[in-house]
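Okay, structure first, notes after.
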Amino acid sequence: MIFAFLIFFRVRPLTEADKKKAATGWEEFKKKMPKDVAIVSEYAHIWGTTYNGMILVESRDLSAFHDFWHRFRETTRWYVPETKTYIAQKEE
């Protein structure tokens, strides 16, 4: 069974220095991804919503995603004040 997690996020306004810091932190975060969780794609604009972007994450293990989620929020909380997550189950 594969679970997909659509994580919508809103980024607060950032200075150029903060944009660099956020981008660097995000790249470092992705280098340390757990093997049971994969970022399938990243989207910079989500039209029709109030969110700035979305990432699509997949995992077969809900516990692994839970661990990912906490690391994700610890890494991004300073510039991402709001998220909304939808969970889907892929039929195989």
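Tabulated data for the structure shown
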| quantity | calculated |
| --- | --- |
| 22 Å Cα cut-off, lysine pairs counted over region 17-92 (separation 8 or more, or different chains) | 12 |
| Computed accessible area, residue 71, all protein chains, 1.4 angstrom probe, square angstrom | 80 |
| Cα→Cβ-extended label distance, 7 Å offset, between residue 2 and residue 66, nm | 2.3 |
| Solvent-accessible ranking of 67, 61, largest area first, probe 1.4 Å | 67, 61 |
| Sites excluded, chymotrypsin sites (Phe, Trp or Tyr not before Pro) in DSSP loops with at most 14 other C-beta within 10 Å, longest stretch of the chain | 1-46 |
| Per residue, in Å², the accessible surface of the chain once ligands and nucleic acids are set aside, probe 1.4 Å | 67 |
| Label-point separation, residue 91 to residue 26 (7 Å along Cα→Cβ), nm | 3.4 |
| On Cα atoms only, tilt of 16-31 relative to the major axis of the chain in degrees | 20 |
| Fraction of accessible area attributable to carbon and sulfur, the chain (%, probe 1.4 Å) | 56 |
| Which labelled figure in (1) 1.00; (2) 0.97; (3) 1.72 is Rg/Rh (Cα atoms, Kirkwood Rh), once derived from the coordinates | (2) |
| Rounded, prolate or oblate (a/c below 1.5 giving rounded, otherwise prolate when a/b exceeds b/c) for region 29-70 by Cα gyration tensor | prolate |
| Nearest 10 degrees, 0 to 90: helix 62-76 Cα axis against the chain principal axis | 0 |
| Rounded to the nearest 10 Å², the accessible area of residue 70 at probe 1.4 Å | 90 |
| Extension reserve of the residue 12-residue 41 stretch, reckoned as 0.36 nm per residue once the Cα distance is removed | 8.3 nm |
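The values are calculated or read from the model by the stated rules, or taken from the named source; none is laboratory data. Predicted model only: the values in this text are computed from it and were never measured. Virtual Cβ from ideal backbone geometry, glycine too; neighbours counted across all protein chains shown. Areas reflect the complete protein model, heavy atoms only, side chains present, ligands, DNA and RNA absent. Shrake-Rupley method; radii C 1.70, N 1.55, O 1.52, S 1.80 Å.
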